[in-house]
Amino acid sequence: MTLNASDPAAIEQAAQRLAAGDLVGMPTETVYGLAADAGNASAVRGIFEAKGRPSDHPLIVHLPPAEGGDWRAAVAPLAREVPDFAVALMNAFWPGPLTLILPRRPEVAAVAAGGQDSVGLRCPSHPVAQALLKAARAHGVLGVAAPSANRFGRVSPTTAAHVAEEFAELGDEQLLILDGGACPVGIESTIVDCSRGVPVLLRPGMVTPTQIEAVCGQPLRERDEAAPRASGTLESHYAPSAQVRLMPAAQLQAALDVLGADAKGIAVYARATLRGGRGVTQRRMPADAAACAQELFAVLRELDATGVKLIWVEKPPEGADWDGVRDRLQRAAA
Ligand code: TXA
Ligand code: MG
């Protein structure tokens, strides 16, 4: 069942469902989440089951905005230790598309954390997510565990309709979806591990390394083998059914040139103006990274739905503002 989130009664109903241990499709500024009360072990197991996600892959716990902007106090019930650089990141980027991994208090959110002794925390900026998190808090829900609302390994949802599509076989009693429109950021949050004394980038997103380093006053390390498991860091992830291939514009043009009339079953997503390719489904990639991120997953789903076998995508430009998009496309192509 999908409810329009601009109705306050819908928010209250969703909050009550969370408090009762049910699943809610929650819009955030990044992607839609499949939400449950992080403190309710059986509700959280319901998320893993619905997604088909291995239960040792940790989930992000979402928090409402801090009272009086005191983030250190806001995360204290869940996080055991909070380094100063993590508080600086919260002050700079929360609410917003940044997730911080912090040492977890052993008595909280164990199932959501997938067995890690850390916990991923994020305060979303989306007004519907914030309203839901606040209303749920009033019903005793401290934090809301929510991975992206897609089946394991599939493209993340950026509209309520995508969520309904992913979980079509869940009944109205099992899943309530709040429709908050299309997600404005469009790709998942940047993840920074703050549990090892220095900031480590686990997943690129629209908050860039340059921005993070400026706030932390120290270099952002690359992830290594010691980093905890993150399904968003698996080589193949975010994959549509069609095969995705990334190519520079010249190579894409050459590939179109040899196709001739035999162009059925191929879609192209490119910034460059390409010649030929009659019969090829073409979508223009925005020249701006933020605009591309915003539409990326919806475009992949849309092209996939046309039944094409191949999606040829022009390589994103160099530069840190494209890191998030480049990362998602590389995984979709793997
Ligand atoms: O933008 C987002 O982050 C969205 C929205 C709904 O908030 N959520 C999202 O969740 O992308 P998910 O589960 O699809 O990806 C979360 C990533 C996973 O790769 C997970 O392994 C990692 O965060 N993660 C969560 N908790 C962690 C922890 N304690 N240690 C290491 N990685 C963690
Ligand atoms: Mg995901």
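Sort 180-190, 211-221 for me by packing, meaning the mean count of neighbouring Cβ atoms within 10 Å per residue, highest on top.
Answer by packing, highest mean first, reads 180-190, 211-221.
Can you tell me the relative contact order of the chain? Whole percent, Cα pairs under 8 Å, sequence separation 6 or more.
20
Rounded to a whole number, what is D in µm²/s for segment 1-55 from Stokes-Einstein with the Kirkwood radius over alpha-carbon pairs (37 °C, 0.692 mPa s)?
Working: Rh = 11.8 Å.
Reported coefficient: 277 µm²/s.
Distance from the Cα centre of segment 41-77 to that of segment 317-334, in angstrom?
The two parts, judged by their Cα centres, are 26 Å apart.
Any idea of His139's accessible area? Nearest 10 Å², probe 1.4 Å.
Near enough 80 Å² of accessible area.
Once phi is turned into θ = phi - 60°, what whole-Hz ³J(HN,Hα) does the Karplus curve with 6.51, -1.76 and 1.60 give for every residue of segment 264-269, x standing for Gly and Pro?
5, x, 10, 10, 10, 10
At 10 °C and 1.306 mPa s, grab the translational diffusion coefficient of segment 92-179 from Stokes-Einstein with a Kirkwood Rh over Cα pairs, rounded to a whole number in µm² per second.
Rounded, D is 107 µm²/s.
Please list 314-320, 110-116 highest first by mean number of surrounding beta-carbon atoms within 10 Å per residue.
Descending mean neighbour count gives 110-116, 314-320.
With contacts defined as alpha carbon pairs under 8 Å and 6 or more residues apart, what's the relative contact order of segment 55-196 in percent?
31
Counting only helical runs of four or more DSSP H residues, what would the 222 nm mean residue ellipticity of the chain come to if each run contributes -39,500 (n - 2.57) and the total is spread over all its residues?
Counting only the DSSP helices, I get -9500 deg cm²/dmol.
Taking springs between alpha-carbon atoms closer than 10 angstrom, which of Ala136, Ala76, Ala267 fluctuates most in the Gaussian network model of the chain?
Ala76
May I ask you to order 144-156, 167-179, 194-206 by the average number of other C-beta atoms within 10 Å around their residues, highest value first?
Per-residue Cβ counts within 10 Å, averaged per peptide and sorted highest first, yield 144-156, 194-206, 167-179.
Which of the lysines could a cross-linker bridge to Lys309, judged by Cα under 25 Å and excluding same-chain residues fewer than eight apart?
By straight Cα distance, Lys309 reaches Lys51, Lys264.
How many percent of Cα pairs in the chain exceed 25 Å? Walk me through the numbers before you get to the answer.
Details: 27851 of 55611 pairs.
Above the 25 Å cut-off, the chain has 50 percent of its Cα pairs.
The values are calculated or read from the model by the stated rules, or taken from the named source; none is laboratory data. Treat the numbers as computed from the prediction; the structure is a model and nothing was measured. Cβ atoms come from the backbone with ideal geometry, glycine included; neighbour counts cover every protein chain shown. The accessibility values were calculated without ligands, DNA or RNA, using every heavy atom of the protein model including side chains. Shrake-Rupley method; radii C 1.70, N 1.55, O 1.52, S 1.80 Å.
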